[in-house]
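See below for the structure under consideration.
Any read-out appearing in this document is the output of simple, stated calculations on the displayed coordinates, not a laboratory observation. Given the structure is predicted, the values throughout are model-derived calculations rather than measurements. Every residue, glycine among them, receives a Cβ derived from its backbone with ideal geometry; neighbour counts consider all protein chains shown.
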Amino acid sequence: MSLSQQYIQKKVSAEKAASMIKSGDWVDYGHMQSSPIFMDKALSMRVGEVEDVNIRCSGFPNLSSIVMADPNQTSFRYNTAFLTLADRALNTEGIISHIPGLYHEIPGFSSRHHHTDVCIIRTTTMDKNGFFNYGVCNDCQSEMIPNAKMLIVEVNETLPRCLGGLHESVHISDVDYIVESDHERLVAWPSIEPTNNDRLIAQRIIRELRNGDCLQLGIGGMPNALGKLIAETDLKNLGVHTEMMVDAYLDLYKAGKISNANKTLDKGKMVYTFAIGEQSLYDFLDNNPICASYPVSYTNDPCRIAANDQAVSINGCIEVDLFGQVSSESSGIRQISGTGGQFDFHFGSYHSKDGKSFVCMNSTRTDKDGQVHSNIRPVLESGTIVTLPRTVTHNVVTEYGIAMLKGKSAWERAEALIDIAHPTFRDELILQAEAMKIFTNRNSQNK
């Protein structure tokens, strides 16, 4: 049977595909921009017809139609490995549930821990060889698909075709049903305008960078500020090995700063597992052989991260305590995002030859009542999720400086962190360190 005949035979409407979901099914969605938005809308029409259907996803680009149609979870329960801004309040209310995990381990949940009845992913249109490309997200499909009893692809002609790498496509022979969507364009995430503090933090980090560094940048204003600053420096021959491809990399590439020539692993390639940014970034990725899309089990494997010399990991966090414990995903028991790949890259980069890891934050935050709080705390609030245990934390950065914590005793760590806290809070932090017996009288006098 020809490829076109197979396509016709497997093509069904979204309504027909949705009707194949049965009560009690576990349904895995593609993640981020490979989430099946069109099929999600079709499935939401079945609220009241089915019960006890579990959806697993991560970073759905918008609020799921199923969640909006079924807030009481009469038919569907929605579970996510990474909360978006829209998800946070719903998680607090118990409408959706978080799946904790280190990002590089999440694909393995499929084969080791998950039962999957149906997998639904958004893909490009089929190419002449019968392959559907995953577009700008290739994180978990290679292990989700073999674990599923049924695979439905939602084709979208606006997705860029992102080259591998590895396992960036699925062949029609492995597809059970094909749904042609409304071809809604990818969600574009405009670059976050950096604040003055973002620029100050970026300026501190840039002094730590060297020619040939292999970069991993998180999302937000600070990485964008860093990208713009690097573009104005004499740095050269930078490499990219990251989980997330963001606009800052495109700025650096256009400025001639990225060559990937010094990389030990995947020399000459900008390696990533998913992309979030503006349309110009998606256009850059389309059929571009300098970019290589890999599963997250590859990009975020700490051993592979460490295989590139001078790996540098730069991410954001919410708060740090005087012991060096870092929270990047919760405020107390309120889940805000997820662990993502922060642990993977912070740990892997430190173990790279001449590697460095940084977590960055503003020294303070202001609550809804206008009260200012220090983001360097004596201890984390009860229930706060620790993203980086103190044994893993390398460098903590605020607008006031960099605290390097590796190899330091408890009092040296506290001292380094207090030095980069906002001056308003330093005396109180010293008193708290004394009360917790981190500082002796001699230590505090030296302060």
**OP:** May I ask for the angle, rounded to the nearest 10°, between helix 221-231 and the longest principal axis of the chain, with both axes built from Cα atoms and the value confined to 0 to 90°?
**Re:** 80 degrees
**OP:** List the residues whose amide H sits under 5 Å from the amide H of Met270, counting only those 5 or more places along or on another chain, with H placed 1.01 Å from N in the peptide plane.
**Re:** Cys291, Ala292
Original post:
For Thr125, Thr80, what's the fewest-to-most ordering of other Cβ within 10 Å of each Cβ?
Top reply: Thr125, Thr80
Original post:
In Å, what Rg and Dmax follow from the Cα atoms of the range 3-180?
Top reply: 15.3, 48
Original post:
When DSSP beta bridges are limited to those with both residues in the chain, what percentage is antiparallel, rounded to the nearest 5?
Top reply: 25 percent
**OP:** For the range 103-163 and the range 1-21, compute the distance between their C-alpha centroids and round to whole Å.
**Re:** 17 Å
Original post:
What's the FRET efficiency of Thr391 with Thr440 using the Cβ-Cβ distance as r and R₀ = 30 Å, to the nearest 0.05?
Top reply: 0.85
Original post:
In 20 Å bins starting at 0, how do the alpha-carbon pair distances of the chain split up by percent?
Top reply: 25, 53, 20, 2, 0
Original post:
Working out 0.36 nm times the residue gap between Ser97 and Leu166, then minus their Cα-Cα distance, what length gain in nm do you get to one decimal?
Top reply: 21.8 nm
Subject >> Span from the the range 316-339 Cα centroid across to the the range 208-222 one, whole angstrom >> reply: 21 Å
**OP:** Assuming a ≥ b ≥ c are the square roots of the Cα gyration tensor eigenvalues, decide whether the range 318-447 counts as rounded (a/c under 1.5), prolate (otherwise, with a/b larger than b/c) or oblate.
**Re:** oblate
Original post:
Expressed as a whole number of Å, what is the distance separating the alpha-carbon centroids of the range 228-281 and the range 50-71?
Top reply: 34 Å
Subject >> Relative contact order for the chain, counting Cα pairs under 8 Å that sit 6 or more residues apart, in percent >> reply: 13 percent
Original post:
So what is the relative contact order of the range 3-180, in percent, for Cα pairs below 8 Å that sit 6 or more residues apart?
Top reply: 25 percent
**OP:** Could you pull out the GluC sites (Glu not before Pro) across the range 122-207 that fall in loop regions by DSSP (anything but H, G, I, E, B) with no more than 11 other Cβ atoms inside 10 Å?
**Re:** Glu157
**OP:** Express in nm, to one decimal, how much length is gained between Ser409 and Asp127 on full extension, taking 0.36 nm for each residue of separation and deducting their alpha carbon distance.
**Re:** 95.7 nm
**OP:** Determine ³J(HN,Hα), in whole Hz, for all residues of the range 44-60 in sequence, where each value follows from phi through the Karplus function 6.51 cos²θ - 1.76 cosθ + 1.60 and θ = phi - 60°; x replaces Gly and Pro.
**Re:** 5, 6, 9, 4, x, 8, 10, 9, 6, 9, 9, 9, 10, 8, 7, x, 3
Original post:
For Ala255 and Leu431, FRET efficiency with R0 = 45 Å and r from the beta-carbon atoms, rounded to 0.05?
Top reply: 0.45
Original post:
Within the range 390-437, which trypsin sites (Lys or Arg not before Pro) sit in a loop by DSSP and count at most 15 neighbouring Cβ atoms inside 10 Å?
Top reply: Lys406, Lys408, Lys437
**OP:** Rounded, prolate or oblate: pick one for the range 236-276, where a ≥ b ≥ c are the square roots of the eigenvalues of its C-alpha gyration tensor, a/c under 1.5 means rounded, and failing that, prolate if a/b is larger than b/c, else oblate.
**Re:** oblate
Original post:
Where does the chain land at 222 nm, in deg cm²/dmol rounded to the nearest 500, when only DSSP H runs of n ≥ 4 count, each adding -39500 (n - 2.57), divided by all residues?
Top reply: -8000 deg cm²/dmol
Original post:
Which order do peptides 133-142, 84-93 fall in by mean Cβ count within 10 Å, highest first?
Top reply: 133-142, 84-93
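Which value, in debye to the nearest 20, describes the size of the charge dipole of the range 196-446 about its Cα centre when Lys and Arg Cβ atoms bear +1, Asp and Glu Cβ atoms bear -1, and nothing else is charged?
580 debye
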Original post:
Which residue, chosen from His167, Thr299, Cys119, occupies the Cα position most advanced towards the positive end of the dipole of the chain, where the dipole is computed from +1 (Lys, Arg) and -1 (Asp, Glu) charges on Cβ about the Cα centre?
Top reply: Thr299
Subject >> Rounded to whole Hz, the Karplus (6.51, -1.76, 1.60) HN-Hα couplings of the range 333-341, x for glycine and proline >> reply: 8, 7, 6, 9, 9, x, 5, x, x
**OP:** Kindly identify the range 50-116 as rounded, prolate or oblate by the Cα gyration tensor criterion: order the square roots of the eigenvalues as a ≥ b ≥ c, call it rounded if a/c is under 1.5, otherwise compare a/b with b/c, prolate if a/b is larger, else oblate.
**Re:** oblate
Subject >> Relative contact order of the range 95-248, pairs being alpha-carbon contacts under 8 Å that are 6 or more residues apart, as % >> reply: 18 percent
Original post:
Lys353: which aspartates and glutamates have alpha carbons under 17 Å from its alpha carbon, excluding same-chain residues fewer than 8 sequence positions away?
Top reply: Glu208, Asp213, Asp266, Asp301, Asp309, Asp344
**OP:** Go ahead and run the numbers for FRET between Lys22 and Asn62, Cβ-Cβ distance against an R0 of 25 Å, rounding to 0.05.
**Re:** 0.45
Original post:
Among the lysines, which fall within straight-line cross-link reach of Lys356, defined as a Cα-Cα distance under 22 Å, with same-chain neighbours fewer than 8 residues apart omitted?
Top reply: Lys228, Lys236, Lys257, Lys263, Lys267, Lys269, Lys406, Lys408
Original post:
Taking 0.36 nm per intervening residue step and subtracting the Cα-Cα distance, what contour gain separates Glu105 from Lys353 on full extension?
Top reply: 86.9 nm
Original post:
What angle do you read, to the nearest 10 degrees and between 0 and 90, between the alpha-carbon axis of helix 410-419 and the longest principal axis of the chain?
Top reply: 90 degrees
**OP:** About the Cα centre of the chain, how large is the charge dipole given +1 on each Lys and Arg Cβ and -1 on each Asp and Glu Cβ? Please answer in debye to the nearest 20.
**Re:** 1060 debye
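Which of the GluC sites (Glu not before Pro) found in the range 223-306 are loop residues per DSSP with 12 or fewer other Cβ atoms within 10 Å of their Cβ?
Glu232
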Original post:
Where does helix 423-435 land angle-wise versus the long Cα axis of the chain, in degrees 0 to 90, nearest 10?
Top reply: 80 degrees
